[in-house]
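A short write-up of the structure that comes next.
The values are calculated or read from the model by the stated rules, or taken from the named source; none is laboratory data. This structure is a prediction, so every number in the text was calculated from the model and none was measured. When we count neighbours, we look across all protein chains shown, and the Cβ atoms used for this are built from the backbone with ideal geometry, even at glycine. Accessible surface areas use protein heavy atoms only, side chains included; no ligands, DNA or RNA. Shrake-Rupley method; radii C 1.70, N 1.55, O 1.52, S 1.80 Å.
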Amino acid sequence: MGDLNSICARVRENVITTIGTLGVGHIGGSLSIVDLLVVLYEKHMHVDPANPKMEGRDRLIVSKGHAGPAVYAMLAEKGFFDKSWLLTLNQSNTNLPSHCDMHRTPGIDMTTGSLGQGFSCAMGVAKASKIRRDGATIYTIIGDGESQEGQIWEAAMFAAQQKLDNVIAFTDYNNMQIDGNVDDICDIGPLADKWRAFGWNTIEVEDGHDVDAIDSAIVEAKQSDKPSMIILKTVKGKGVKFIEEMGYGNHSIPMTPELVEQALAEVRGTK
């Protein structure tokens with residue numbers, strides 16, 4: 001999937017430029033979901049950039065709402081809005097706040113940022129879709145630190161009991177959260193066993209940046225009669241070595257013009 005990898009590099013460029021324009025932002029967790037976003041929007045999601053509120057469309061609810069810059073970069077790539085918007089991140093009167101807001105950004109299906117709540121909203125949207133019989137698939141992305149929230153597991157029980165087989169969820173499992181490694185703060189493992197115990201079809205992807213592996217996991221999930229959780233083992237800050245090497249310190253960092261140029265040069269070298 002060489003073309004998809006080229007799009008991933010382009011979206012990473014846009015994430016870096018977006019955050020660089022503001023000078024600070026959640027770059028680590030944004031870069032770690034770029035490959036997933038590209039596979040979803042390029043291969044799987046039934047959406048129309050010219051009609052973002054189209055009835056029966058698939059939804060993506062990014063419960064880890066601080067990864068908004070990655071979502072914005074992908075939406076701009078697909079033509080939901082002009083790429084010039086990316087230069088207004090979190091500025092006065094912007095349509096692109098630091099966390100996703102459904103009332104301000106075309107293509108955002110749920111306002112998120114308070115961790116755990118977006119996932120519950122996704123289950124409600126999936127239930128509504130079942131009632132309407134509109135055929136939509138509801139995709140949702142949660143973080144591994146976010147998975148320490150009890151609300152995640154309440155929603156998981158609801159989805160299994162309601163047989164929401166129209167849900168395909170992803171855990172961005174980079175084992176890092178804002179103030180440390182996940183397994184040092186509140187270990188969530190064995191994560192796959194937990195999801196299976198909660199009645200979910202569970203798939204593990206060893207390289208959560210491999211677009212072929214992500215694609216295959218989604219295809220497999222679509223065949224299940226249960227809600228599906230795809231656990232992606234990722235690298236926080238993926239694609240820029242100096243950001244990756246910061247570890248959990250890259251959750252939100254200043255991006256000076258010099259660092260932006262260094263990061264862009266590295267990403268452009270992967271094309």
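Annotation: Cα Rg of the chain relative to the compact-globule expectation 2.2 N^0.38 Å equals 0.93. Within the same chain, aspartates and glutamates fewer than 8 places from LYS43 are excluded, and of the rest, those with a Cα less than 17 Å from its Cα are ASP3, ASP35, ASP58, GLU77, ASP210, ASP212, ASP215, GLU220.
For segment 106-207, a crude dipole built from +1 on the beta carbon of Lys and Arg and -1 on the beta carbon of Asp and Glu, taken about the Cα centre, is about 880 debye to the nearest 20. What does the charge count near ILE178 come to, summing +1 for each Lys or Arg and -1 for each Asp or Glu among other residues with Cβ under 14 Å from its Cβ? Computed value for this residue: -4. Averaged per residue, the chain has 41 square angstrom of accessible surface, using a 1.4 angstrom probe with ligands and nucleic acids left out. The modelled label-to-label distance between GLN91 and LEU264, using points 7 Å beyond Cα along the C-beta direction, is 1.5 nm. Between segment 89-107 and segment 244-271, the C-alpha centres lie 23 angstrom from each other. Taking the protein heavy atoms of the chain in the context of the full set of protein chains, the accessible area attributed to carbon and sulfur is 48 percent at 1.4 Å.
The charge dipole of the chain, taken about the Cα centre with unit charges on the Cβ atoms of Lys, Arg (+1) and Asp, Glu (-1), comes to about 880 debye, rounded to the nearest 20.
Modelled spin-label separation between ALA50 and ASP187, with each label point placed 7 Å from Cα along the Cα-to-Cβ direction: 5.4 nm.
Within the shell of other residues whose beta carbon sits under 15 angstrom from the beta carbon of GLU220, the net charge comes to -3, with Lys and Arg scored +1 and Asp and Glu -1. For GluC sites (Glu not before Pro), the sites in segment 47-152 that DSSP calls loop and that have at most 16 other Cβ atoms within 10 Å are GLU55.
In a shell of Cβ-Cβ distance under 14 Å around ASP187, excluding ASP187 itself, what net charge do Lys and Arg (+1) and Asp and Glu (-1) give? In short, -3. If the limit is 20 Å between Cα atoms, which of LYS64/LYS236; LYS127/LYS163; LYS78/LYS241; LYS53/LYS78; LYS127/LYS222; LYS78/LYS222 go over it? Those over the limit are LYS78/LYS241; LYS78/LYS222. Residues ARG133, ARG59, ARG12, ARG268, ordered by accessible area of protein heavy atoms at a 1.4 angstrom probe radius and largest first, appear as ARG133, ARG268, ARG59, ARG12.
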